[in-house]
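See below for the structure under consideration.
The values are calculated or read from the model by the stated rules, or taken from the named source; none is laboratory data. Predicted model only: the values in this text are computed from it and were never measured. Counting neighbours? That spans all protein chains shown, and the Cβs are built from the backbone with ideal geometry, glycine included. Side chains included, ligands, DNA and RNA excluded: accessible areas come from the protein's heavy atoms. Shrake-Rupley method; radii C 1.70, N 1.55, O 1.52, S 1.80 Å.
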Amino acid sequence: MILVTGISGSLGSLVFSGLSALDDITVTAGSRSGDGAGVRHIDFDDPATLVEGFREVDVLVFISAGYAEDDVVLARHDAVVAAATTAGVRHVIYTSLAGSGDLMTIALPHRWTETRLASAPLDVTILRNGLYAEVPIGLAAAGAASAAETGFYTAAFGNGRVSVVAREDLADVAVLVAAETSRDLTAGGRSRHAGKVYELEGVATIGGSDIAAVLAESLGRPVSYRSMPLSDTRIALQDIGMEPYQVTNAVSLFANIGAGVLEASRTDLLELLPAEPRDVRALLTAAVRTGGYQSVSITTTR
């Protein structure tokens with residue numbers, strides 16, 4: 001049986017849905033809000049729930065619990081690995097961070113967890129997920145109103161670009177790896193993915209000028225990109241009520257983009273993805289148009 005954690009998040013939900021559609025796979029979900037019947041009660045902050053929640057699980061799809069300060073995340077992940085070992089889980093598939101993100105603040109808990117899993121008596125597959133396309137998509141949607149009014153899209157990309165991948169593509173890869181692992185174990189062998197670390201960087205790169213171009217096309221008017229200083233970005237993020245660790249991680253993301261280190265040099269995505277990668281530019285355009293910003297006539301005074 002496969003257990004997918006983190007189904008309250010979009011990646012976990014997508015993976016669970018994809019596995020549930022396969023006739024030859026038995027899958028269940030784990031969540032903090034689980035009732036123990038349809039959804040197992042899995043609370044990373046309550047280790048007592050984990051061993052029982054992992055009983056009779058062959059394959060654990062371990063979605064990172066990264067929405068907290070690092071010490072909290074490390075404690076959660078340590079508890080998961082310990083409980084999986086005690087419960088007799090045979091194979092863990094962990095969703096980590098792509099190699100290009102090594103200098104980002106969010107990298108530490110991912111790399112620590114990879115090392116912790118490597119020391120456990122478990123077969124492990126690491127899915128080093130690229131940065132979600134939702135990041136530039138969200139920035140494009142958020143900047144649409146201002147761009148419509150001023151003709152400028154302002155963000156802290158500097159002159160850099162970032163490789164991004166649709167979350168649905170990452171879910172499709174996780175479904176494939178989990179299903180093949182389950183079938184291999186059922187057949188009496190080890191998973192063909194045991195001991196593998198897959199770099200799932202996106203094949204598309206996005207910069208500030210690309211987002212400005214999408215906005216211009218959708219709005220039907222010229223839009224230029226303006227780079228925003230990191231100091232101003234930090235203040236803006238604080239002003240909208242983000243938690244301190246979220247502000248730190250967001251500024252780190254922008255700093256890495258501006259430094260030009262978030263463009264992928266290699267990826268295993270195309271080898272594992274069942275279909276062509278989703279079109280990131282199309283996703284950007286759809287997000288802007290969903291917000292109602294499409295071919296509008298704007299008169300501005302400068």
Checking the structure you have, find out if any residue of the stretch 165-182 is under 16 Å from R266 (Cα atoms), within 20 Å of the chain's Cα centre (by Cα), assigned to a strand (DSSP E or B) and not small (G, A, S). yes
Among the helices (runs of 4 or more DSSP H) confined wholly to the stretch 223-302, which include 3 or more residues that are buried (at least 17 other Cβ atoms within 10 Å of the Cβ) and at pLDDT below 95? 230-239, 244-258, 280-290
Look at D169 and say whether it is open to solvent by less than 20 Å² (accessible area, probe 1.4 Å) and acidic (D, E). yes
In the stretch 33-53, residue farthest from A82 (Cα to Cα) [restricted to those that are of a type outside the set (A, V, I, L, M, F, W, C), open to solvent by 60 Å² or more (accessible area, probe 1.4 Å) and outside any loop (DSSP other than H, G, I, E, B)]: H41
Per-region count, the stretch 11-32, residues of a type in the set (S, T, Y), surrounded by fewer than 19 Cβ atoms within 10 Å (Cβ to Cβ) and not in a helix (DSSP H, G or I): 1
Considering each residue of the stretch 54-95, count those that are among the hydroxyl-bearing types (S, T, Y), surrounded by 20 or more Cβ atoms within 10 Å (Cβ to Cβ) and without any contact (Cβ under 8 Å) to a residue 60 or more places away in the chain, and give that number. 2
Do we have any residue at all in the stretch 66-79 that's under 30 Å from G207 (Cβ atoms) and either assigned to a strand (DSSP E or B) or among the polar types (S, T, N, Q) (or both)? no
Inside the stretch 14-55, can you point out the residues that are more than 20 Å from R76 (Cα to Cα) and among the polar types (S, T, N, Q)? S17, S20, T26, T28
For the stretch 114-136, which residues satisfy the criterion of being more than 25 Å from T205 (Cα to Cα), of a type outside the set (D, E), open to solvent by 30 Å² or more (accessible area, probe 1.4 Å) and in contact with a strand residue (DSSP E or B) (Cβ under 9 Å, 6 or more places away or on another chain)? A118
Can you find even one residue in the stretch 198-215 that is open to solvent by 10 Å² or more (accessible area, probe 1.4 Å), within 22 Å of V57 (Cβ to Cβ) and either charged (D, E, K, R) or out of contact with any His (no Cβ under 8 Å at 6 or more places or on another chain) (or both)? yes
Note on the stretch 100-113: residues open to solvent by less than 60 Å² (accessible area, probe 1.4 Å) and in contact (Cβ under 8 Å) with a residue 24 or more places away in the chain are S100, G101, M104, T105, I106, P109, H110, T113
Which of (1) open to solvent by 40 Å² or more (accessible area, probe 1.4 Å); (2) under 22 Å from R161 (Cα atoms) does G220 not meet, given it meets every other one? (2)
Step by step: first the residues of the stretch 1-44, then only those that are among the charged types (D, E, K, R) and over 21 Å from the mean Cα position of the chain (by Cα), then the one that is modelled with the lowest pLDDT. Which residue is that? D35
Restricting to the stretch 144-164, count the residues that are assigned to a helix (DSSP H, G or I) and open to solvent by 30 Å² or more (accessible area, probe 1.4 Å). 4
Scanning the stretch 51-66 residue by residue, those among the aliphatic types (A, V, I, L, M) and within 23 Å of the chain's Cα centre (by Cα) turn out to be V59, L60, V61, I63, A65
Picking from L185, L139, which residue would you name as being more than 24 Å from I257 (Cα to Cα) and either of a type in the set (A, V, I, L, M) or surrounded by fewer than 24 Cβ atoms within 10 Å (Cβ to Cβ) (or both)? L185
